[in-house]
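The values are calculated or read from the model by the stated rules, or taken from the named source; none is laboratory data. Everything numeric in this text was worked out from a predicted model, so none of it was measured. Here Cβ is always computed from backbone atoms with ideal geometry, including for glycine, and neighbour counts include all displayed protein chains.
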2 protein chains.
Amino acid sequence: MNAAPIGIFDSGLGGLTVARAIFERLPHESTVYFGDTARVPYGPKSPETVRRYSLEILQWLLAQGVKAVVIACNTSTAHALQALRDASPVPVVGVIEPGARAAIAGSHGRVGVIGTAGTIASGAYRRAIEARAPDFEVFQQACPLFVPLVEEGWFDHPAARLIAAEYLRPLREAAVDALVLGCTHYPLLKPLLQAEMGPDVRLIDSGEETARALEEILARNGITGAAGGASSHRFVVSDDEARFRSVGARFIGERLSGAEVVPLG
Amino acid sequence: MNAAPIGIFDSGLGGLTVARAIFERLPHESTVYFGDTARVPYGPKSPETVRRYSLEILQWLLAQGVKAVVIACNTSTAHALQALRDASPVPVVGVIEPGARAAIAGSHGRVGVIGTAGTIASGAYRRAIEARAPDFEVFQQACPLFVPLVEEGWFDHPAARLIAAEYLRPLREAAVDALVLGCTHYPLLKPLLQAEMGPDVRLIDSGEETARALEEILARNGITGAAGGASSHRFVVSDDEARFRSVGARFIGERLSGAEVVPLG
């Protein structure tokens with residue numbers, strides 16, 4: 001049993017959907033969430049830059065005494081997971097492997113992946129799926145307008161439906177039977193995406209799958225928090241606390257009463 | 001006569017609409033454009049951070065021998081114009097004053113201003129208009145989805161029309177007779193915005209007004225380039241040259257054959 005907190009980080013707000021999935025699956029675990037709002041978004045930055053920023057955050061989280069680290073950011077997972085595993089004395093979990101594994105388990109061989117332009121260009125989900133299931137076909141689609149739609153709160157606006165219809169058309173035509181939400185903002189669009197894809201397509205929420213993977217890793221390492229123990233949740237950002245608080249409330253509700261500001265780098 | 005180049009900078013791509021307006025109005029002037037793509041967007045960053053980044057870029061442009069500097073970024077103009085004027089030995093022009101002056105000249109007293117969430121929250125256009133025309137009424141509207149729509153190239157997509165209709169409804173209801181495009185991305189949406197507002201509303205393109213103001217400042221300081229002289233245009237970014245080139249082509253076409261990469265900070 002280990003009462004130390006779990007470190008969770010993202011380039012900004014989106015990782016809060018992963019944090020929420022962890023709160024729900026592991027209600028006795030404490031967490032420290034770091035959102036690098038001063039340097040968001042990571043997507044358009046070079047892999048070297050993303051690795052450097054991610055390593056800075058890892059060091060900061062380790063200084064807070066975390067017992068495990070969750071990279072709640074697809075871009076950082078794609079570019080920095082291995083570097084963080086090499087540098088970290090505690091286990092590090094990314095969002096891509098758990099999402100890819102769940103997609104394989106939930107599909108008969110035709111998987112769609114949606115994400116930001118950066119995540120899709122990185123091909124990280126495609127590689128993770130094809131490495132484990134070489135006979136699977138993976139169809140990718142960048143959806144750059146989904147993040148601003150979510151941050152605007154237009155989860156069911158007619159414009160959101162038109163945009164989703166356009167982005168998802170190639171995936172519907174490809175008859176995928178599973179759709180990986182390869183961006184941490186997208187779980188807030190689930191009803192819209194499910195309606196657009198139809199009831200037979202399974203949506204894979206990488207955040208939920210990552211919470212499940214984290215649970216296994218804590219158990220395997222014997223560092224699970226005490227059942228019945230009180231948990232606490234800290235939120236820290238590198239800039240613009242007010243926007244994080246107001247938009248972040250859409251992601252995890254009243255749990256987000258405020259955030260500390262710690263500039264990095 | 002002075003053949004030195006004009007420095008132009010923005011947090012990223014958007015300032016290319018200002019650069020284009022300068023190319024058209026001042027075809028004999030050479031330019032150096034700096035897009036801070038490693039640190040885009042500036043909107044959500046604190047005023048202090050924006051000032052620090054802007055001063056770094058000013059120093060870099062001065063080291064390139066520029067004879068004047070154009071801040072082709074609304075956020076940087078709002079937070080850093082005075083600091084840059086204090087620090088610069090050459091004239092510095094921002095986009096807000098020229099836009100505000102043109103709005104006053106083109107309106108009978110009811111002006112709409114659209115921009116990113118950060119620009120609208122800063123109130124910079126409202127203050128600039130009210131300082132010169134205290135009897136004017138200014139109606140502001142943040143339009144966070146317009147930048148990603150422009151970068152996606154969806155200038156006349158049905159979703160773009162629905163989004164514009166929703167954002168502009170309060171301004172139509174307020175019966176504004178001039179609309180300031182308070183974000184450098186928005187000139188690419190002009191036909192859509194004009195259709196939505198109706199033919200009697202004058203659209204104020206801050207980039208065009210800034211090019212006009214620059215022309216006056218060059219003349220007043222006796223540093224205009226030689227008419228008939230050859231001009232050259234350099235583009236420099238702090239990261240992700242490939243995306244700057246592909247999306248930037250929407251902004252200024254084939255003039256943007258490539259960009260150098262200079263990391264700052």
Is it the case that A:Lys45 is outside the structural domain of A:Glu130 (by TED's automatic domain parsing) and closer than 25 Å to A:Glu216 by Cβ? no
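Okay, residues lined up against (1) at pLDDT 95 or above; (2) closer than 16 Å to B:Gly265 by Cβ:
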{"residue": "B:Arg20", "(1), (2)": "yes, no"}
{"residue": "B:Arg25", "(1), (2)": "yes, no"}
{"residue": "B:Thr31", "(1), (2)": "yes, no"}
{"residue": "B:Asp36", "(1), (2)": "yes, yes"}
{"residue": "B:Lys45", "(1), (2)": "no, yes"}
{"residue": "B:Lys67", "(1), (2)": "yes, no"}
Of these, A:Ala178, A:Ala219, which one is crowded, with 19+ Cβ neighbours inside 10 Å, more than 21 Å from A:Ile57 (Cα to Cα) and not hydroxyl-bearing (Ser, Thr, Tyr)? A:Ala178
Considering residues of the stretch A:222-251 that are more than 14 Å from chain B (Cβ to nearest Cβ) and among the hydroxyl-bearing types (Ser, Thr, Tyr) only, the residue surrounded by the fewest Cβ atoms within 10 Å (Cβ to Cβ): A:Ser232
Subset of the stretch B:127-154, residues assigned to a helix (DSSP H, G or I) and either within 14 Å of chain A (Cβ to nearest Cβ) or surrounded by 18 or more Cβ atoms within 10 Å (Cβ to Cβ) (or both), comes to B:Ala128, B:Ile129, B:Phe146, B:Val147, B:Pro148, B:Leu149, B:Val150, B:Glu151, B:Glu152
Condition met for B:Gly258 (surrounded by fewer than 13 Cβ atoms within 10 Å (Cβ to Cβ), over 20 Å from B:Gly99 (Cβ atoms) and over 17 Å from the mean Cα position of the chain (by Cα)): yes
Residue check for A:Ala83: buried (at least 24 other Cβ atoms within 10 Å of the Cβ), over 22 Å from B:Tyr53 (Cβ atoms) and either outside the structural domain of A:Ala178 (by TED's automatic domain parsing) or not hydroxyl-bearing (Ser, Thr, Tyr) (or both): no
Output the qualifying pairs, or none if there are none: Cβ atoms under 7 angstrom, residues six or more apart or on different chains, first residue in the stretch A:104-123 and modelled with pLDDT of 95 or more, second residue of a type in the set (Asp, Glu) and part of a strand (DSSP E or B). A:Gly109/A:Glu137; A:Arg110/A:Glu137
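Say we look at the stretch A:155-164 and pick out the residues that are at the interface with chain B (Cβ under 9 Å from one of its Cβ atoms) and over 13 Å from B:Glu152 (Cα atoms); which of these is surrounded by the fewest Cβ atoms within 10 Å (Cβ to Cβ)? First the steps, then the outcome.
Here is the first cut: in the stretch A:155-164, the ones at the interface with chain B (Cβ under 9 Å from one of its Cβ atoms) are A:157-163.
From what is left, the residues that are over 13 Å from B:Glu152 (Cα atoms) are A:157-162.
Values: A:His157: 18, A:Pro158: 14, A:Ala159: 23, A:Ala160: 23, A:Arg161: 16, A:Leu162: 17.
Filtering the stretch A:155-164 for residues that are at the interface with chain B (Cβ under 9 Å from one of its Cβ atoms) and over 13 Å from B:Glu152 (Cα atoms), the one surrounded by the fewest Cβ atoms within 10 Å (Cβ to Cβ) comes out as A:Pro158.
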Among the numbered conditions (1) under 14 Å from B:Val236 (Cα atoms); (2) more than 13 Å from the chain's Cα centre (by Cα), tell me where B:Ala19 comes up short. (2)
Looking at this structure, is A:Val32 buried (at least 22 other Cβ atoms within 10 Å of the Cβ) and within 14 Å of chain B (Cβ to nearest Cβ)? no
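Table: residues versus (1) within 29 Å of A:Ala178 (Cα to Cα); (2) within 14 Å of another protein chain (Cβ to nearest Cβ); (3) not hydroxyl-bearing (Ser, Thr, Tyr).
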site: A:Glu48; (1), (2), (3): no, yes, yes
site: A:Ala63; (1), (2), (3): no, no, yes
site: A:Thr77; (1), (2), (3): yes, no, no
site: A:Gly109; (1), (2), (3): yes, no, yes
site: A:Ala121; (1), (2), (3): yes, yes, yes
Failed condition for A:Leu192, given (1) within 19 Å of A:Ile8 (Cβ to Cβ); (2) within 14 Å of another protein chain (Cβ to nearest Cβ): (1)
Is it the case that B:Glu216 is at negative phi and within 14 Å of chain A (Cβ to nearest Cβ)? no
